[in-house]
1. Show me the helices (runs of 4 or more DSSP H) entirely contained within region A:90-172 in which 3 or more residues are farther than 19 Å from B:ASP315 by Cα and out of contact with any His (no Cβ under 6 Å at 6 or more places or on another chain).
2. Tell me yes or no: at least one residue of region B:200-223 is within 26 Å of B:LEU158 (Cβ to Cβ) and either basic (Lys, Arg) or part of a helix (DSSP H, G or I) (or both).
3. Only one of these is within 14 Å of chain B (Cβ to nearest Cβ) and of a type outside the set (S, T, N, Q): A:ALA68, A:ALA84. Name it.
4. Output the number of residues of region A:276-313 satisfying the condition of being in a loop (DSSP other than H, G, I, E, B) and either in contact with a helix residue (DSSP H, G or I) (Cβ under 8 Å, 6 or more places away or on another chain) or under 17 Å from A:ALA332 (Cα atoms) (or both).
5. In region A:251-272, what residues are more than 25 Å from A:ASP322 (Cβ to Cβ) and within 24 Å of the chain's Cα centre (by Cα)?
6. Please verify whether A:VAL230 is away from chain B (no Cβ under 14 Å) and either buried (at least 22 other Cβ atoms within 10 Å of the Cβ) or in contact with a Cys (Cβ under 9 Å, 6 or more places away or on another chain) (or both), treating the condition exactly as stated.
7. For the structure I just gave you, tell me whether A:ILE95 is closer than 23 Å to B:ALA223 by Cβ, within 8 Å of chain B (Cβ to nearest Cβ) and surrounded by 18 or more Cβ atoms within 10 Å (Cβ to Cβ).
8. Based on what the data block shows, is B:ALA283 touching a residue at least 12 places away in the same chain (Cβ under 8 Å), away from chain A (no Cβ under 14 Å) and surrounded by fewer than 19 Cβ atoms within 10 Å (Cβ to Cβ)?
Amino acid sequence: MSNTLPLLEVRNLRVEFPTRRGILTALDDVSFDIHPGEVLGVVGESGAGKSMTGAAIIGLLEPPGRIAGGSISLGGRRIDNLPAKEMRTVRGREIGAIFQDPLTTLNPLYTVGRQLVETMTTHLPLNPAEARRKAVEWLELVGIPAAAQRIDSYPHEFSGGMRQRVVIALALCAEPKLIVADEPTTALDVSIQAQVIALLKRLAREKGTAMMLVTHDMGVIAETADRVAVMYAGRIAEIGAVRQVVKHPAHPYTIGLMGSIPPISHRMPRLLQIEGAMPRLSSIPRGCAYNPRCPRVFDRCRQDRPDLLDAGDTRAACWLYDGADKDAAHAAAESGYTEVRRG
Amino acid sequence: MFAFIVSRILQALPVMLAVALISFAMFAYVGDPVAIMLGQDFTEAQRQALIRDLGLDQPFFVQFGKFVLNAAQGEFGLSYRLSRPVLDLIIERAPATLELALTAAALALLIGVPMGVYTGLYRNSWLSRVFLTFSLVGVSLPTFLIGILLILTFSVWLGWLPSFGRGETVKIGGWSTGYLTWGGIKALILPSITLGLFQLTLIMRLVRAEMLEVLRTDYIKFARARGLTNRAVHFGHALKNTLVPVITITGLQLGAIIAFAIVTETVFQWPGMGLLFIQSVGAADIPVMAAYLMLIAALFVTINLIVDLLYYAVDPRLRIGGGKGGH
């Protein structure tokens, strides 16, 4: 997969919010690629910058937020500095978006059919009758029963899960190459979550659509993503193949995160707990943003900011991996928490 | 739908009865009709005869029942002042007021809504600031002052427009209209601006506030994320979602425009119902006042019903279950 050209290239992305009390840096030096057909999971605590990254990619940062540095390219073409009019032809047509709460993402006053038709006729050379036929097909494809009848229903006549299916149809109907799904299952019942994720996964595979899946649910990531980026305080802490990140995390933060998920296979007397809380944007510490909470912190972490370093199977922004012996570094990173667990 | 309309009409009945009671009470407490009608010289026998003729010797409920029955048939008696049937007087005057109110409401909507959308979309542009400042003037200046200032400017100084009256009117059936003559239209301009300015600024501010609210919603963000044109997002998705409160206020304001055109009609000597009412108040012409009161109440009830029906047309969520309307 890595020998193909990346579909999406995010390089040193920096997003700032000018406020009265100075400029807040919401995203700092974020770089990653998504290859065609690949699913990249993005995880992190609330406020880590996951959704912000998605919003920056689709060009819909809430003002006064702005891209202050770096670049975003789609299929080799820069899209972060496009004029508003051209960006509109990218949104929907080349990048589809799925939002968190299906109860609020659909316009309550228009039928789902009308919303599908207007999206397709905006981007594709279809007349309204053809678009309507395709709209029925899309509703069938996302599993709306009796789609031909339901097409003239209003959003409030659907359940939450069904609405999210409609949202998925809306995001995919102009056949974009990339989907940015921002917590697509968080607002749904647990029993529905799995169905919606399975649907997303299946459609993305069938259509060859790449996906950036933003979530704080590691279970969803483990099941769906090919690779995963772990974000912390507006930066990427670790990125790598999902199997490696889940089984052999390298960054102390990722290790802590994984340790705080209860395993289903055996009983655990006590879950791992990361001391403290993620810093606010206005008070991100110098050096590594994780240093005040890190059990393996040393002087360098408080002085210099680590870039993503080779950590064996993954890449981690941690000074432990600055040396040649990656295995020793792994052992060191993990040992920090063993002590915590015993204590 | 039908059941809804019927239930709303049934709900309107007690309202109308209550207003009828108040109207009726005016006869009993505002002056003594017998004294007014008899004049200076009368005998006790004449007085008793008149009281019998008018039915004033009968119990309260019988009198009130008669009043309601007559009112339901449009029968409000004779005007004390003009000695003509009240209904005829009102029908004669209604076209002037209705045309004035309609023109004012149209002005308010056709200018107020686009201005509201504009100021909602471009919050910080200089034109928005101009509009907002202008709207403060519209909200805070009293109607009569605006009317007088307009007359001073356009009639006295510039001499472009007439300062009073309806100009030439054309009779079509029983309806005299000023829309068909140039003089009639010219005469409409100043009064309708005077009457509509407050409504215009109110609608503008309301649309602006609603737009600001709606533009923050997820479905607008999602509409943008789907790459829809600004036009479709702003005027399709956003504006339509602001309509329910705008319809409510516009409906109530239309009632208010008709009912309270009194000041404007007085300033411009506009021969409408408002002028008739204010002259009747001066002469303690109770039948006209009572009829006017009933008419305005009926008007508000009707407008509210239409507003409720418009909700149904605009917002599909209200169609489910055929509930009691309201928002």
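1. Working: elements: A:102-105, A:112-123, A:128-141, A:147-150, A:160-172.
By residue number, A:112-123, A:128-141, A:147-150, A:160-172.
2. Kept after step one, since they are within 26 Å of B:LEU158 (Cβ to Cβ), are these residues of region B:200-223: B:200-201.
Then drop every residue that is not either basic (Lys, Arg) or part of a helix (DSSP H, G or I) (or both), which leaves B:200-201.
Yes.
3. Working: A:ALA68 fails: within 14 Å of chain B (Cβ to nearest Cβ).
Within the list A:ALA68, A:ALA84, the selection yields A:ALA84.
4. Going through region A:276-313, the residues in a loop (DSSP other than H, G, I, E, B) turn out to be A:276-280, A:284-298, A:304-308, A:312-313.
From the residues that got through so far, the ones that are either in contact with a helix residue (DSSP H, G or I) (Cβ under 8 Å, 6 or more places away or on another chain) or under 17 Å from A:ALA332 (Cα atoms) (or both) too are A:285-288, A:290-291, A:293-298, A:304, A:306, A:312-313.
Total satisfying the criteria: 16.
5. A:SER260, A:ILE261, A:PRO262, A:PRO263
6. On the way: away from chain B (no Cβ under 14 Å): yes; either buried (at least 22 other Cβ atoms within 10 Å of the Cβ) or in contact with a Cys (Cβ under 9 Å, 6 or more places away or on another chain) (or both): yes.
Criteria met by A:VAL230.
7. Working: closer than 23 Å to B:ALA223 by Cβ: yes; within 8 Å of chain B (Cβ to nearest Cβ): no; surrounded by 18 or more Cβ atoms within 10 Å (Cβ to Cβ): yes.
Here the answer is no, as A:ILE95 does not meet what is asked.
8. Values: touching a residue at least 12 places away in the same chain (Cβ under 8 Å): yes; away from chain A (no Cβ under 14 Å): yes; surrounded by fewer than 19 Cβ atoms within 10 Å (Cβ to Cβ): yes.
Answer is yes for this residue.
The values are calculated or read from the model by the stated rules, or taken from the named source; none is laboratory data. Just so you know, these numbers come straight off a predicted model, no measurement behind them. Because the Cβ atoms are built from the backbone with ideal geometry, glycine has one as well, and the counts that use them run over all protein chains shown.
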